[in-house]
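Reading through the structure tokens given below for one structure.
The values are calculated or read from the model by the stated rules, or taken from the named source; none is laboratory data. Treat the numbers as computed from the prediction; the structure is a model and nothing was measured. The accessibility values were calculated without ligands, DNA or RNA, using every heavy atom of the protein model including side chains. Shrake-Rupley method; radii C 1.70, N 1.55, O 1.52, S 1.80 Å.
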Amino acid sequence: MTISKSKNGFFAIATTRTVAVRAVRVASVVGVVLAFLNHGDRLLSGHIDLATYLKIALTFLVPYCVSTYSSVLAVRESMQSVEGDRLPSKR
């Protein structure tokens, strides 16, 4: 993943392919687990209304957002570390 120095803003990093794919993978796994923990009784009984569908969607959105946020922070930290390594050392 290459991000130019001018594109190190949150949304520029968050919308890169690697960050988005990682977030979708995390949200898929964690979302399924949380959806069944939080709404399993309704899912198994088949009594699902619009409000439940919306809550399930939010159940997937939360881990997506958390994964994206943590990935952006990690990428920024990595970029700062690389930039710091390039600076001449002070003696």
Counting only protein heavy atoms and rolling a 1.4 Å probe, one gets per residue an accessible area for the stretch 1-75 in Å² of 69 Å²
Any chance you could list P(r) for the stretch 16-84, counting all Cα-Cα pairs in 10 angstrom bins from zero, rounded to whole %?
20, 38, 23, 13, 5, 1
